[in-house]
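Structure record follows, encoded as structure tokens.
The values are calculated or read from the model by the stated rules, or taken from the named source; none is laboratory data. Remember, it's a predicted structure, so these values are computed and weren't measured experimentally. Cβ atoms come from the backbone with ideal geometry, glycine included; neighbour counts cover every protein chain shown.
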Amino acid sequence: MRKMIMLAVAMLMLTINVYADEPAVIMGGQYVELHPQAGAIDIEEAPPINRISEALDEVDANGHHLEYLSVCTLTYYCPCKRCNGSWGAIDGYGNPLEWGTVAVDPKKITLGTKLVIDGYDTVFTARDTGSGVNGWHIDVFVPVSHSEALKMGQGEKRKVWKWIE
């Protein structure tokens with residue numbers, strides 16, 4: 001079961017079951033419950049979008065415009081002290097961290113911007129910054145343990161679009 005969870009996370013194909021008490025992933029048609037660390041923030045359902053094609057600027061299935069930004073380096077952070085220091089598990093606005101939050105360099109991506117990252121069925125919001133987040137680097141918040149966040153990948157490259165309502 002642990003291998004299935006790691007595979008699902010590694011492929012970054014998270015689908016959230018909002019009717020369960022525990023977050024879960026659905027991978028290859030199989031339902032797998034996740035067991036986040038104690039005190040982790042609950043995952044919330046995100047608006048559905050289409051998988052992004054190779055086009056730079058396009059419209060998703062719901063009619064939202066996507067403006068291509070760049071290929072970004074992705075890393076992942078969790079609610080622990082190593083990732084958040086004395087700030088705790090809150091974003092740059094003082095709200096509890098939740099799935100869909102990303103940390104960005106505000107010189108490249110304005111805080112509050114909604115983002116689509118290739119491979120995810122989630123619209124993320126730039127609500128956080130970090131001392132190690134510079135340039136076209138996006139740090140994705142994940143409600144898992146520190147070791148699990150590190151296993152998700154550190155430094156992969158993904159195309160990113162600005163989601164325009």
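Out of all the residues in region 87-110, which are crowded, with 17+ Cβ neighbours inside 10 Å and at positive phi?
Correct list: GLY100 only.
Would you call ASN84 free of Cβ contacts under 8 Å to residues at least 40 places away in the same chain, crowded, with 18+ Cβ neighbours inside 10 Å, out of contact with any Leu (no Cβ under 6 Å at 6 or more places or on another chain) and not small (Gly, Ala, Ser)? Show your work before the answer.
On the way: free of Cβ contacts under 8 Å to residues at least 40 places away in the same chain: yes; crowded, with 18+ Cβ neighbours inside 10 Å: yes; out of contact with any Leu (no Cβ under 6 Å at 6 or more places or on another chain): yes; not small (Gly, Ala, Ser): yes.
Judged against the criteria, ASN84 is a match.
Kindly provide the set of residues from region 131-157 that are in contact with a Phe, Trp or Tyr (Cβ under 7 Å, 6 or more places away or on another chain) and within 15 Å of GLY92 (Cβ to Cβ), ordered by number.
ASP139, VAL140, PHE141
Please return the ranges of strands (runs of 3 or more DSSP E) entirely within region 55-165 where 2 or more residues are touching a helix residue (DSSP H, G or I) at 6+ places or on another chain (Cβ under 6 Å), at pLDDT 90 or above and not β-branched (Val, Ile, Thr). Quick ask: steps written out before the conclusion?
Values: elements: 65-77, 101-103, 114-117, 123-128, 137-141, 156-164.
Qualifying strands (runs of 3 or more DSSP E): 65-77.
Select from region 111-125 the residues that are in contact (Cβ under 8 Å) with a residue 60 or more places away in the chain, buried (at least 18 other Cβ atoms within 10 Å of the Cβ) and not hydrophobic (A, V, I, L, M, F, W, C) and write down the one among them that is farthest from LYS157 (Cα to Cα).
Checking each candidate, the answer is THR122.
Restricting the search to region 87-110, which residues are free of Cβ contacts under 8 Å to residues at least 40 places away in the same chain and among the small types (Gly, Ala, Ser)?
GLY88, GLY92, GLY94, ALA103
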